[in-house]
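Asks: Please see the structure below; I have some questions.
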Amino acid sequence: MAAVVSVEALRKRYRRRDPHAVDGVTFELQPGQAFGLLGPNGSGKTSVVKMIAGLLRPDEGKISLFGSEPGNPAARAQLGFSPEDPDFPKFLRASEVLDYFASLLGLNAEERKRRIPETLAFAGLDKEKRQVRQYSKGMKQRLGIAQAILGRPKLLILDEPTADLDPLGRRDVRALIESLKSSGVAILLNSHLLSEVELVCDTVAILAKGRVLKEGTMAEVVPEGRTLEEVFVELVEASTPAAPRDHLPSFIRDKDNP
């Protein structure tokens, strides 16, 4: 079975004097598979996601998206992308936002009439009549996921999809991922919520400083009796210099000297 996404020896540096933000990253994502891209802030996760989505150009390496380059219009038409901090025109309502994206997707009036209400209902926004400018961050997150699935993608990239969602919202996103996987959709998930990743992902890659520390199936990465969070912390700490344990400023730590 051909890979949905194939990334080989990917490298990216934003300024010549800086270290590589992405340094030799390699992995594949198959249809019906959920792949977790994990790492601390600054590890290169979002840069990898943006290069796959065609929003950034790699300095070195290869990316195959449905057998083509990421910039290929036919390949990009099969991609749904929900960014970490989605933003929309503040004067629009949720239905108007989705109608705009439906026009970009080339959906006819009949398809819009069918898909938009169903998508809003899934996102929990079907009763919401306010403009986007009055939305909380969590509501914008829901709307970002809604626009990402509107085009019925074969690859769905979710960048921190459950950030700022309440437990019910996180449960709904997990259910969405499972149903999409069962229908053959590939999911690329970038998240700091390791407990969520552990529940839905088949394979994971743990990054630090742009490099892959460990990659494989969940069973290969997380031995029996351990958690993904334990493995993640152990690998990341081993790859970075130890920080002093007492971080408190002296004026707080030293109570005897006001």
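The values are calculated or read from the model by the stated rules, or taken from the named source; none is laboratory data. Nothing here was measured: the structure is a model prediction, and the numbers come from that model. Glycine also receives a Cβ, built like all others from the backbone with ideal geometry; neighbour counts cover every protein chain displayed. To get the accessible areas, we keep the full protein, side chains included, count just its heavy atoms, and leave off ligands, DNA and RNA. Shrake-Rupley method; radii C 1.70, N 1.55, O 1.52, S 1.80 Å.
Asks: Does any residue of the range 37-55 turn out to be open to solvent by 20 Å² or more (accessible area, probe 1.4 Å), over 13 Å from the mean Cα position of the chain (by Cα) and modelled with pLDDT of 90 or more? Talk me through it step by step, then tell me what you get.
Replies: If we filter the range 37-55 for residues that are open to solvent by 20 Å² or more (accessible area, probe 1.4 Å), which is where we start, we get 40-42, 46, 50, 54-55.
From the residues that got through so far, the ones that are over 13 Å from the mean Cα position of the chain (by Cα) too are 40-42, 54-55.
Next, from what is left, pick out any that are modelled with pLDDT of 90 or more: none.
Within the range 37-55, none of the residues are open to solvent by 20 Å² or more (accessible area, probe 1.4 Å), over 13 Å from the mean Cα position of the chain (by Cα) and modelled with pLDDT of 90 or more.
Asks: Of the conditions (1) open to solvent by 30 Å² or more (accessible area, probe 1.4 Å); (2) touching a strand residue (DSSP E or B) at 6+ places or on another chain (Cβ under 8 Å), A2 fails just one. Which one is it?
Replies: (2)
Asks: Same structure again: If you go through the range 165-178 one residue at a time, do you hit one that is assigned to a strand (DSSP E or B) and open to solvent by 60 Å² or more (accessible area, probe 1.4 Å)? Even if it seems obvious, please write down each step before you answer.
Replies: So the first thing to find is which residues in the range 165-178 are assigned to a strand (DSSP E or B), and the list is none.
No - not one qualifying residue is present in the range 165-178.
Asks: Go through the range 128-164 and give me each residue that's over 20 Å from L199 (Cα atoms) and not in a helix (DSSP H, G or I).
Replies: Within the range 128-164, E128, K129, R130, Q131, Y135, S136, L150, G151, R152, P153, K154 meet the criteria.
Asks: Okay, moving on. Looking at the range 5-26, which of its residues are surrounded by fewer than 19 Cβ atoms within 10 Å (Cβ to Cβ), touching a residue at least 40 places away in the same chain (Cβ under 8 Å) and not charged (D, E, K, R)?
Replies: Within the range 5-26, S6, A9, P19, G24, T26 qualify.
Asks: Separate question: Scan the range 41-98 residue by residue and report those that are part of a loop (DSSP other than H, G, I, E, B) and among the acidic types (D, E). Give the steps one after another, and end with the answer.
Replies: Start the filter on the range 41-98 by keeping residues that are part of a loop (DSSP other than H, G, I, E, B), which leaves 41-44, 53-59, 66-67, 69-72, 77-78, 83-92.
Of everything in the range 41-98, those that are part of a loop (DSSP other than H, G, I, E, B) and among the acidic types (D, E) turn out to be D59, E69, E84, D85, D87.
Asks: Something else: Could you tell me which residue of the range 179-197 is surrounded by the fewest Cβ atoms within 10 Å (Cβ to Cβ), considering only residues that are part of a helix (DSSP H, G or I) and touching a residue at least 40 places away in the same chain (Cβ under 8 Å)? Give the derivation first.
Replies: Initial filter on the range 179-197 (part of a helix (DSSP H, G or I)): 179-182, 194-197.
From the residues that got through so far, the ones that are touching a residue at least 40 places away in the same chain (Cβ under 8 Å) too are 181-182, 194, 197.
Values: K181: 19, S182: 9, L194: 21, V197: 23.
Per the criteria, the residue is S182.
Asks: Hey, another quick one. Among the listed residues L107, L125, L120, L143, identify the single one that is open to solvent by less than 60 Å² (accessible area, probe 1.4 Å), farther than 21 Å from D164 by Cα and either touching a residue at least 24 places away in the same chain (Cβ under 8 Å) or hydrophobic (A, V, I, L, M, F, W, C) (or both).
Replies: Working: L125 fails: farther than 21 Å from D164 by Cα; L120 fails: farther than 21 Å from D164 by Cα; L143 fails: farther than 21 Å from D164 by Cα.
Unique residue meeting the criteria: L107.
Asks: Report every pair of residues separated by at least 6 positions or lying on different chains whose Cβ atoms are under 6 Å apart, first residue within the range 199-221 and open to solvent by 50 Å² or more (accessible area, probe 1.4 Å), second of a type in the set (S, T, N, Q) and modelled with pLDDT of 90 or more.
Replies: D202/Q33; T217/T203
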